[in-house]
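Asker: Structure in structure tokens, see below.
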Amino acid sequence: MDNTTTRPEQAEIRLAEYKPPVFLVDTVELDFDIRDDRTRVSSRLAIRRNPESAERNAPLVLNGQGQKLVAVRVDGRELAAGDYVLTDKTLTIRAVPDEGVVAIESDNDPAANTALMGLYAAGPMLCTQCEAEGFRRITYFPDRPDVQSRYRVAIHADEDRYPVLLANGNLVENGKEAGGRHYAVWEDPFRKPCYLFALVAGRLDKVADRFLTRSGREVLLEIYTEPGRSSETGFAMAALKKAMRWDEERFGREYDLDRFMIVAVSFFNFGAMENKGLNIFNDARVLGRADTATDADIAFFERVVGHEYFHNWSGDRVTCRDWFQITLKEGLTVFREQEFVGDMNSPAQERLRTVSVLRRVQFPEDAGAMAHPIRPASYQAVENFYTATVYSKGAEVIRMIQTLVGREGFRKGLDLYFERHDGHSATCEDFVRAMADANAIDLGQFMRWYAQAGTPVLDVTSRYDADSRAYTLEVEQRCPATPGQDTKEPFHMPLRLGLLDARGGDMKGDMVLKLRRPRETFVIEDVPEKPIPSLLRDFSAPVRLNYDYTDAELLVILAHDSDGFNRWDAGQKLFAKYALSGEALPDAFVTALRTVLMDKDLEAGTKAMTLTLPGEEELGLALIARGERIDPVAVCEKRRRVIKALAGALSGELWATYREIAAGLDEEASDGVARGQRSLKNLCLAYLHRAEPGKVAPVAARVVSGARNMTDKIACLDILVDGDAALAARALAEFAETFAGQPSIMDKWLGVQAAERHAGVLEKVRRLMAHKAFSLNNPNRVAALVGVFAGNPFGFHAEDGSGYRFVADVVERLDRLNPQAAARYAKPFLRWRDFDAGRQALMQEALRKLAALESLSINVREVVTKALG
Ligand code: PHE
Ligand code: ZN
């Protein structure tokens, strides 16, 4: 594969330089002839000059790479080598009619495709991944989302090896062929961009079900897996039916084809892919039962199945004009996914989870060397921009629109968006315009969220005048400089708030202030007493908010605020303060947490979230906000100190909670309530382990060997690895023996060891890279071992630089196989400026060593140069 380039300077591709396609392709006929040593792809493209293109005489330029060109025909006439120009990236044909048929044959080698883009072998099966630019690895084509076509796809293969042959749309024909072969023909009645094309061939098990749409059409639902895993599809099938119903009820969106297929594959670069009618999933995001997957995995099944299904409207029916607009489909679809998961479980808990992920993952990205707006203005490798910013901050931007126009107004705007753009490629402007038009409001200033990077900061001060009963809030907004953006214009955003009396009662209900200027003053009249402001309720904007709360005020909010988000966040603020200052936890805070833990009416999941400290990343960012630099090992230890103190103080309650839940919880249950209970139970045990290791370790060891529930096993394995070396070694060995044949379970075993917060972790990870459970070729194995290690302060951030050198070395080796995956592990280096001087130097050294390599993919090259830049 041509995964690498030696070109040192890769040009930035710019949004401002967008031009409409020169040629359109109305219909595509594809023929896949799958053989043992290669797959021949024959295409027939009905092309036509685009009346919207200004380039009247430009030639036909098709993208194409990593395949062998066999023949080119134009209107039936075979071209000689001199009739076209072939480079490693394009096929250019000058002599083409304004309208005609181009036919191309080329050979793919899926077995050698380790990049997992285009057509590749995923264990025993063949599958495709085309977003963003994978289709060009299959056949020569104008590979851009503003070219939309109707597809007819024929697949021919050996019947014994590939009994199942799938593509998008409806199966229109199938049958036998000579030599033990067979074929299938699929037709997709909807026009689509080529990135939504998909094909799967292999020996697969299947589970089928049916769904009746609200207009009475019956849809066939199928989930395909590798042989032997169909018993792990239960959660996914249930989630799919719930998602289909929910999208009808909440957004009036009905499914449009007669068949909806999901295929679980064991080699995949991302979580899943929304190919029209044929979603392809990383098996880790869709397959599992309570005894094979953790609750965290299982929670993802519903989320990701919903997400990909929702793309059928927000992504497939209305797609993106170009790859700068990824957030148009991803921000919107993540928002829809969050609303779905909230409605199916607990909206309040879903919001806490969302915001804590945003702060942990997106805030650091927004403060790093590759900070970008939710719609980047330029890129080198588009795959580097499937980021937390585009996805999660993008969803927050959509949520702000909903807050500004209200739920009903949002629904009207979304209906108008789908009505205007159905079947077309759209831009972020199109979306915001539909929202503005449907609600008759001006969202011009709001568009800055699409153009400016960085996490805005709100500085809020207040005063109360007892005589006039007026409460005044001064709100200042600023946004830190980010690469290429030294100064920023003010954002338009909603600031939701409430005013609490001294006992925490709501004095005014919810109010939404609309911020537009750098500095604004709001006067709230008729306030009976000096209030405690409950600011940024429900996290109404993706910002950092500073307000000088006293501890006593935060305790009132934690105990009484009607807003679940701010209750949780008050606890987070107090935790961060005590963790970073090293002060002892005051009794009042411990008492407040005890009250939360013992509250009979509060959901277990919310209790667990409330008792969970801000993560190491968040605490690190808090240091940066104060102008300090991060020593990640010290941060980890500060965090542990608080946990230990808390566990000491609440020991009785933690044990009681642990025992009560353990006695009543069904090991096989993994619904939202059971997941919440299990998370609280295991949090209790992990906290207790900090204070009473000798008492907890034997309990944990018994769970690892005796439990059938995977969440419990892994939680307790984590505890052992964090403490008792002898018990840990025994438990790990036993676990490996039990699950040796199940790679996705062994990933957890790898991850637990890579997470060990101990200086010896690098040596262990090195040894595990040689273990048969590991393979550099499989992204899930690499994520389990290297990905987890890269988030381990004692591993990646080891003071001697060994962790940096190790990860850089993996990046170099992985880059030759899978550039997209490799770039992911180069990204932690983007934050080198945040760390102490010693670590800064060592991180830069690792980066420079990578930058000096002759041959590096564009993906890794972009990250490395921008990190150093
Ligand atoms: N579009 C996929 C999603 O639903 C993500 C993805 C991007 C998958 C690129 C593969 C390649 O979020
Ligand atoms: Zn998506």
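Asker: If a residue has to be free of Cβ contacts under 8 Å to residues at least 40 places away in the same chain and closer than 21 Å to Met493 by Cα to count, how many in the range 366-401 make the cut? Outline the logic, then answer.
Answerer: First, pick out the residues of the range 366-401 that are free of Cβ contacts under 8 Å to residues at least 40 places away in the same chain: 387-388.
Add one more test, that the residue is closer than 21 Å to Met493 by Cα, and what stays is 388.
Residues in the range 366-401 being free of Cβ contacts under 8 Å to residues at least 40 places away in the same chain and closer than 21 Å to Met493 by Cα: 1 in total.
Asker: I'm trying to understand the selection: among the residues of the range 128-145, which are over 14 Å from Arg38 (Cα atoms) and either among the aromatic types (Phe, Trp, Tyr) or more than 12 Å from ligand 1 (Cβ to nearest atom) (or both)?
Answerer: Result: Phe135, Arg136, Tyr140, Phe141, Pro142, Asp143, Arg144.
Asker: Name the one entry in Tyr224, Tyr195, Tyr183, Tyr151 that is more than 16 Å from ligand 1 (Cβ to nearest atom), aromatic (Phe, Trp, Tyr), in contact (Cβ under 8 Å) with a residue 24 or more places away in the chain and under 22 Å from Phe267 (Cα atoms). Show your work before the answer.
Answerer: Working: Tyr195 fails: more than 16 Å from ligand 1 (Cβ to nearest atom); Tyr183 fails: under 22 Å from Phe267 (Cα atoms); Tyr151 fails: under 22 Å from Phe267 (Cα atoms).
Tyr224 is the lone residue from the list that is more than 16 Å from ligand 1 (Cβ to nearest atom), aromatic (Phe, Trp, Tyr), in contact (Cβ under 8 Å) with a residue 24 or more places away in the chain and under 22 Å from Phe267 (Cα atoms).
Asker: Report those strands (runs of 3 or more DSSP E) wholly inside the range 468-585 carrying at least 1 residues which are under 26 Å from the mean Cα position of the chain (by Cα) and either hydroxyl-bearing (Ser, Thr, Tyr) or on the phi < 0 side of the Ramachandran plot (or both).
Answerer: On the way: elements: 470-478, 493-500, 511-515, 519-524, 532-535, 544-546.
Counting at least 1 such residues, we get 493-500, 544-546.
Asker: Count, please, the residues in the range 152-169 that happen to be touching a Leu at 6+ places or on another chain (Cβ under 7 Å) and either under 21 Å from Glu308 (Cα atoms) or among the acidic types (Asp, Glu) (or both).
Answerer: Selection size over the range 152-169: 4.
Asker: Here is a follow-up. Has the range 31-54 got any residue that is basic (Lys, Arg), at pLDDT 95 or above and closer than 23 Å to Ser378 by Cα? Explain how you work it out, then say what you get.
Answerer: To start, the set of residues in the range 31-54 that are basic (Lys, Arg) comprises 35, 38, 40, 44, 48-49.
Narrowing the set further to residues that are at pLDDT 95 or above leaves 35, 38, 40, 44, 48-49.
Filter once more, so that each one left must be closer than 23 Å to Ser378 by Cα: none.
Within the range 31-54, not a single residue is basic (Lys, Arg), at pLDDT 95 or above and closer than 23 Å to Ser378 by Cα.
Asker: Is there a residue being more than 16 Å from ligand 1 (Cβ to nearest atom), in a helix (DSSP H, G or I) and farther than 27 Å from Thr711 by Cβ anywhere in the range 236-246?
Answerer: Of the residues in the range 236-246, the ones more than 16 Å from ligand 1 (Cβ to nearest atom) are 237-238, 241-242, 244-246.
Retained after the next criterion (residues that are in a helix (DSSP H, G or I)): 237-238, 241-242, 244-246.
Among the residues that remain, those that are also farther than 27 Å from Thr711 by Cβ are: 244-245.
Within the range 236-246 (the criterion being more than 16 Å from ligand 1 (Cβ to nearest atom), in a helix (DSSP H, G or I) and farther than 27 Å from Thr711 by Cβ), the answer is yes, since at least one residue qualifies.
Asker: Can you name the residue in the range 378-396 that is of a type outside the set (Gly, Ala, Ser) and closer than 19 Å to Trp313 by Cα and, of all such residues, is nearest to ligand 2 (Cβ to nearest atom)? If you could, list the steps in order and put the result at the bottom.
Answerer: We begin by selecting, within the range 378-396, every residue of a type outside the set (Gly, Ala, Ser); these are 379-380, 382-387, 389-391, 393, 396.
Pick out the ones that are also closer than 19 Å to Trp313 by Cα and you get 390-391.
Numbers: Val390: 10, Tyr391: 7 Å.
Selected residue: Tyr391.
Asker: Also: Answer yes or no as to whether Phe565 is surrounded by fewer than 21 Cβ atoms within 10 Å (Cβ to Cβ) and over 27 Å from Thr612 (Cα atoms).
Answerer: Values: surrounded by fewer than 21 Cβ atoms within 10 Å (Cβ to Cβ): yes; over 27 Å from Thr612 (Cα atoms): no.
Criteria not met by Phe565.
Asker: Sticking with this one: Of everything in the range 60-84 that's small (Gly, Ala, Ser) and surrounded by fewer than 12 Cβ atoms within 10 Å (Cβ to Cβ), which residue is nearest to the chain's Cα centre (by Cα)? Break it down stepwise before answering.
Answerer: First, pick out the residues of the range 60-84 that are small (Gly, Ala, Ser): 64, 66, 71, 76, 80-82.
Restricting the remaining residues to those that are surrounded by fewer than 12 Cβ atoms within 10 Å (Cβ to Cβ) gives 71, 76, 80-82.
Numbers: Ala71: 40, Gly76: 45, Ala80: 46, Ala81: 44, Gly82: 46 Å.
This residue is Ala71.
Asker: Looking only at residues in the range 244-271 that are among the small types (Gly, Ala, Ser) and surrounded by fewer than 23 Cβ atoms within 10 Å (Cβ to Cβ), which one is nearest to ligand 2 (Cβ to nearest atom)? Break it down into steps so the answer makes sense when it comes.
Answerer: Narrowing the range 244-271 to residues among the small types (Gly, Ala, Ser): 252, 264, 266, 271.
With the extra rule that they be surrounded by fewer than 23 Cβ atoms within 10 Å (Cβ to Cβ), the set shrinks to 252, 266, 271.
Values: Gly252: 20, Ser266: 20, Gly271: 8 Å.
Applying the filter and picking the extreme gives Gly271.
Asker: While we're on this one: What's the number of the only condition in (1) under 23 Å from Asp33 (Cα atoms); (2) among the hydroxyl-bearing types (Ser, Thr, Tyr); (3) surrounded by fewer than 15 Cβ atoms within 10 Å (Cβ to Cβ) that Thr87 fails to meet?
Answerer: Among (1) under 23 Å from Asp33 (Cα atoms); (2) among the hydroxyl-bearing types (Ser, Thr, Tyr); (3) surrounded by fewer than 15 Cβ atoms within 10 Å (Cβ to Cβ), Thr87 violates only (1).
Asker: Moving on to the next point. Tell me the helices (runs of 4 or more DSSP H) entirely within the range 624-734 that contain at least 3 residues that are touching a residue at least 40 places away in the same chain (Cβ under 8 Å).
Answerer: Fully inside the range 624-734 and qualifying: 632-649, 651-664, 672-691, 710-721.
Asker: Test of understanding: among Lys713, Lys681, which residue is of a type in the set (D, E, K, R), closer than 26 Å to Asp563 by Cα and surrounded by 21 or more Cβ atoms within 10 Å (Cβ to Cβ)?
Answerer: Details: Lys713 fails: closer than 26 Å to Asp563 by Cα.
It is Lys681.
Asker: When the residues of the range 595-615 are narrowed to those that are within 16 Å of Tyr687 (Cα to Cα) and hydroxyl-bearing (Ser, Thr, Tyr), which ends up surrounded by the most Cβ atoms within 10 Å (Cβ to Cβ)?
Answerer: Thr610
Asker: Are there any pairs with C-beta distances below 6 angstrom linking a residue in the range 263-284 that is farther than 23 Å from Arg191 by Cβ to a residue that is near ligand 1 (Cβ under 9 Å from one of its atoms) and part of a helix (DSSP H, G or I), with the two at least 6 apart or on different chains, and if so which?
Answerer: Pairs that qualify, where the first residue is farther than 23 Å from Arg191 by Cβ and the partner is near ligand 1 (Cβ under 9 Å from one of its atoms) and part of a helix (DSSP H, G or I), are Asn269/Gln820; Gly271/Val304.
Asker: Something else: Condition first: within 9 Å of ligand 2 (Cβ to nearest atom) and in a helix (DSSP H, G or I). Now tell me which residues in the range 310-327 satisfy that. Explain how you work it out, then say what you get.
Answerer: Within the range 310-327, the subset within 9 Å of ligand 2 (Cβ to nearest atom) is 310-311, 314-315, 326.
Result: Phe310, Ile326.
Asker: Tell me the residue from Phe310, Phe301, Phe335, Phe324 that is within 11 Å of ligand 1 (Cβ to nearest atom) and not charged (D, E, K, R), please.
Answerer: Values: Phe301 fails: within 11 Å of ligand 1 (Cβ to nearest atom); Phe335 fails: within 11 Å of ligand 1 (Cβ to nearest atom); Phe324 fails: within 11 Å of ligand 1 (Cβ to nearest atom).
It is Phe310.
Asker: Now for a separate question. Looking for whichever is away from ligand 2 (no atom under 13 Å from the Cβ) and either more than 30 Å from Leu15 (Cβ to Cβ) or of a type outside the set (Lys, Arg) (or both) here; the options are Glu339, Glu330. Which one fits?
Answerer: Values: Glu330 fails: away from ligand 2 (no atom under 13 Å from the Cβ).
The unique qualifying residue is Glu339.
Asker: How many residues are polar (S, T, N, Q) and over 19 Å from Ala167 (Cβ atoms) if we restrict to the range 107-138?
Answerer: Restricting attention to the range 107-138, the residues satisfying the condition of being polar (S, T, N, Q) are 108, 113-114, 128-129.
Checking the rest, the ones that are also over 19 Å from Ala167 (Cβ atoms) come to 114.
Qualifying residue count, the range 107-138: 1.
Asker: Next question, about the same structure. Can you tell me which residue in the range 261-273 is nearest to ligand 1 (Cβ to nearest atom), limited to those that are touching a helix residue (DSSP H, G or I) at 6+ places or on another chain (Cβ under 7 Å) and within 18 Å of Leu220 (Cβ to Cβ)?
Answerer: Ile262
Asker: Go through the range 342-363 and give me each residue that's β-branched (Val, Ile, Thr) and in contact with a Ser or Thr (Cβ under 9 Å, 6 or more places away or on another chain). Even if it seems obvious, please write down each step before you answer.
Answerer: To start, the set of residues in the range 342-363 that are β-branched (Val, Ile, Thr) comprises 354-355, 357, 361.
Hits for the range 342-363 are Thr354, Val357, Val361.
Asker: If you don't mind, another one. Enumerate the pairs (first residue in the range 517-530 and within 18 Å of Val457 (Cα to Cα); second residue anywhere and in a loop (DSSP other than H, G, I, E, B)) with beta-carbon separation below 8 Å, excluding pairs fewer than 6 apart on the same chain, so at least 6 apart or on different chains.
Answerer: As it stands, the answer is Arg517/Pro490; Pro518/Pro490, since those pairs meet every condition given.
Asker: Tell me which residues, restricted to the range 425-462, are touching a residue at least 24 places away in the same chain (Cβ under 8 Å), more than 30 Å from Tyr549 (Cα to Cα) and in a loop (DSSP other than H, G, I, E, B).
Answerer: Within the range 425-462, Thr427, Ile441, Leu443, Ala451 meet the criteria.
Asker: Tell me, please, whether a residue that is surrounded by 24 or more Cβ atoms within 10 Å (Cβ to Cβ), within 16 Å of ligand 2 (Cβ to nearest atom) and not in a helix (DSSP H, G or I) can be found in the range 286-298.
Answerer: Checked against the condition, which is being surrounded by 24 or more Cβ atoms within 10 Å (Cβ to Cβ), within 16 Å of ligand 2 (Cβ to nearest atom) and not in a helix (DSSP H, G or I), the range 286-298 yields at least one hit.
Asker: How about the range 64-174: which strands (runs of 3 or more DSSP E) wholly inside it have at least 1 residues that are at pLDDT 95 or above and within 16 Å of ligand 2 (Cβ to nearest atom)? Steps first, please.
Answerer: Details: elements: 68-74, 84-86, 90-93, 99-108, 118-122, 125-129, 148-158, 164-167.
Strands (runs of 3 or more DSSP E) meeting the threshold: 125-129.
Asker: Looking only at the range 155-192, count how many residues are under 33 Å from the mean Cα position of the chain (by Cα) and among the aliphatic types (A, V, I, L, M).
Answerer: 6
Asker: Quick one: Asn174 ticks every box in (1) surrounded by fewer than 17 Cβ atoms within 10 Å (Cβ to Cβ); (2) touching a strand residue (DSSP E or B) at 6+ places or on another chain (Cβ under 8 Å); (3) touching a residue at least 12 places away in the same chain (Cβ under 8 Å) except a single one, so which number is it?
Answerer: Every listed condition holds for Asn174 apart from (3).
Asker: Okay, moving on. Condition check: in contact (Cβ under 8 Å) with a residue 12 or more places away in the chain, crowded, with 19+ Cβ neighbours inside 10 Å and either farther than 26 Å from His372 by Cα or away from ligand 1 (no atom under 16 Å from the Cβ) (or both). Does Thr482 satisfy that? Show your work before the answer.
Answerer: Working: in contact (Cβ under 8 Å) with a residue 12 or more places away in the chain: yes; crowded, with 19+ Cβ neighbours inside 10 Å: yes; either farther than 26 Å from His372 by Cα or away from ligand 1 (no atom under 16 Å from the Cβ) (or both): yes.
Judged against the criteria, Thr482 is a match.
The values are calculated or read from the model by the stated rules, or taken from the named source; none is laboratory data. Bear in mind the structure is a predicted one, so any value in this text is a computation, not a measurement. Glycine gets a Cβ as well: all are built from the backbone with ideal geometry, and neighbour counts include every protein chain shown.
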